[in-house]
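The structure's right below; bear with me while I get my questions together.
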Amino acid sequence: MLLEIQDIRVHYGKIEALKGLSLEVAEGEIVSLIGANGAGKSTTLKTISGLRPLSSGRVLFDGRDISKMPGHKRVVLGIGQSPEGRGIFPGMTVEENLHMGAYARKGDVTKELDEVYGLFPRLAERKKQAGGTMSGGEQQMLAIGRALMTKPKVLLLDEPSMGLAPMLIQQIFQIIEEINRRGTTVLVVEQNAQQALQLAHRAYVLETGRIVKSAPASELLADPQVRAAYLGGD
Ligand code: ATP
């Protein structure tokens, strides 16, 4: 397994946001985490990237216990995150934002930059534009592009479809598939369960800090309980 989360508990003060959660991601997979608001999806990603400390349990990456490793070292190991709300630098240009993504890499990043521009031609067209003046969809592309600049082994995506028009959602999901085809493992958190399950190989359903289901995504798409709860379905 590339990534193993073992029985983790995470607190915000007295609130227990994750209550003994376990999940696994194999190399090459797209795994999706779905669940209602407040279920703990973002917290799970933040715990993997080192932004939130664990109260108990372990996070293993490539078989190595990284539970106590600071976030910037996890980036160097190959954990890349595109955070919810994007977090781009509004006053910097698109290209400067991408360079910020590569801060952990030493030396020439031209190749990485070219790859990101290849995936997102819109970013190439807007290299010199201030990040903050890009549209919502463009900022989402920029945030994903910036995460790719570290050449992650696993890319953690928090709500990549958030705030996007349906056509752009399709486009972002196609790009995520392409990123995966080129060799990057993906763990994606989504409220848009339908799209997430169509994209992923496997998925986990999260309810109030616990995994309640895990299965191949196609099985969850056909699961009556999942359909009723998350797919607005019949
Ligand atoms: P959403 O889909 O709405 O983003 P989520 O599944 O990503 O939700 P989390 O953001 O992980 O959920 O939140 C899990 C729980 O932890 C929620 O009850 C939330 O209120 C709580 N929580 C998250 N961040 C904080 C914080 N900084 N301080 C206090 N509680 C928090």
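May I ask you to list the residues in the range 134-163 that are open to solvent by 20 Å² or more (accessible area, probe 1.4 Å), farther than 17 Å from residue 99 by Cα and either hydrophobic (A, V, I, L, M, F, W, C) or in contact (Cβ under 8 Å) with a residue 12 or more places away in the chain (or both)?
136, 153, 162, 163
Ok, one more. For residue 191, state whether it is within 16 Å of the ligand (Cβ to nearest atom), crowded, with 16+ Cβ neighbours inside 10 Å and over 29 Å from residue 16 (Cβ atoms). Let's see the steps before the verdict.
Values: within 16 Å of the ligand (Cβ to nearest atom): yes; crowded, with 16+ Cβ neighbours inside 10 Å: yes; over 29 Å from residue 16 (Cβ atoms): no.
No, not satisfied.
Moving on to the next point. Look at residue 182 and say whether it is open to solvent by 60 Å² or more (accessible area, probe 1.4 Å) and under 27 Å from residue 16 (Cβ atoms). First the steps, then the outcome.
On the way: open to solvent by 60 Å² or more (accessible area, probe 1.4 Å): yes; under 27 Å from residue 16 (Cβ atoms): no.
Criteria not met by residue 182.
Which numbered condition trips up residue 77, out of (1) out of contact with any Gly (no Cβ under 9 Å at 6 or more places or on another chain); (2) under 27 Å from residue 163 (Cα atoms)?
The one condition residue 77 does not meet is (2).
With 130, 124 as the choices, which residue is farther than 20 Å from residue 45 by Cα, open to solvent by less than 50 Å² (accessible area, probe 1.4 Å) and free of Cβ contacts under 8 Å to residues at least 24 places away in the same chain?
Criteria check complete, one pass: 124.
Could you please find all residues in the range 114-156 being closer than 24 Å to residue 194 by Cβ and at pLDDT 95 or above?
Answer for the range 114-156, where residues must be closer than 24 Å to residue 194 by Cβ and at pLDDT 95 or above: 154, 155, 156.
The values are calculated or read from the model by the stated rules, or taken from the named source; none is laboratory data. Values in this document were obtained by computation on a predicted structure and should not be read as measured data. Using ideal geometry, Cβ is built from the backbone for each residue, glycine included, and neighbour counts are taken over all protein chains shown. Please note that ligands, DNA and RNA were not included when accessible areas were found on the heavy atoms of the full protein model with its side chains. Shrake-Rupley method; radii C 1.70, N 1.55, O 1.52, S 1.80 Å.
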